[in-house]
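The values are calculated or read from the model by the stated rules, or taken from the named source; none is laboratory data. This structure is a prediction, so every number in the text was calculated from the model and none was measured. All Cβ positions, even for glycine, are placed from backbone atoms using ideal geometry, and neighbour counts span all protein chains on display.
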């Protein structure tokens, strides 16, 4: 199996794990709140309005595994289930992106990722 395929499998596992963390944290949110938090990292795509270099930086900052893990650790340290759950959903979002082939962005444009080129001409 290729390294890209392994990264996609890893992403699927982290998506499931993040979702389970959020469920077990039990923040008591309604379904629309869950969905909003799960999709929130994609707001970082607005960074591309400032150009490909700034867009890639902002998008990648919102799509690295370290930050949701940090949010969950801080949530555990302060006994904040909502922060643990938000970190879990953030992690789940990133993992699902990786599983679907949406990787970290290169400075050359939105479609160029560390998992390959996305879009019709990338397939």
query: From the list 72, 1, which one is in contact with a helix residue (DSSP H, G or I) (Cβ under 9 Å, 6 or more places away or on another chain) and closer than 30 Å to residue 108 by Cα?
result: 1
message: Checking residue 29 against (1) farther than 14 Å from residue 94 by Cα; (2) assigned to a helix (DSSP H, G or I); (3) at pLDDT 95 or above: exactly one of these is not met. Which one?
response: (2)
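Within region 43-56, how many residues are without any contact (Cβ under 8 Å) to a residue 40 or more places away in the chain, assigned to a helix (DSSP H, G or I) and over 15 Å from residue 90 (Cα atoms)?
Taking region 43-56 as the starting set, the residues that turn out to be without any contact (Cβ under 8 Å) to a residue 40 or more places away in the chain are 43-44, 46-47, 49-51, 54.
Now drop any that are not assigned to a helix (DSSP H, G or I), which leaves 43-44, 46-47, 49-50, 54.
Subsequent filtering for residues that are over 15 Å from residue 90 (Cα atoms) retains 46-47, 49-50, 54.
Adding up the residues that qualify gives 5.
Is it the case, given these coordinates, that residue 96 is in contact (Cβ under 8 Å) with a residue 12 or more places away in the chain, closer than 15 Å to residue 22 by Cβ, out of contact with any strand residue (DSSP E or B) (no Cβ under 7 Å at 6 or more places or on another chain) and surrounded by fewer than 16 Cβ atoms within 10 Å (Cβ to Cβ)?
Values: in contact (Cβ under 8 Å) with a residue 12 or more places away in the chain: yes; closer than 15 Å to residue 22 by Cβ: yes; out of contact with any strand residue (DSSP E or B) (no Cβ under 7 Å at 6 or more places or on another chain): yes; surrounded by fewer than 16 Cβ atoms within 10 Å (Cβ to Cβ): no.
Spelling it out, it is not the case that residue 96 is in contact (Cβ under 8 Å) with a residue 12 or more places away in the chain, closer than 15 Å to residue 22 by Cβ, out of contact with any strand residue (DSSP E or B) (no Cβ under 7 Å at 6 or more places or on another chain) and surrounded by fewer than 16 Cβ atoms within 10 Å (Cβ to Cβ).
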query: What number of residues in region 58-93 are in a helix (DSSP H, G or I), in contact (Cβ under 8 Å) with a residue 24 or more places away in the chain and over 14 Å from residue 22 (Cα atoms)?
result: 2
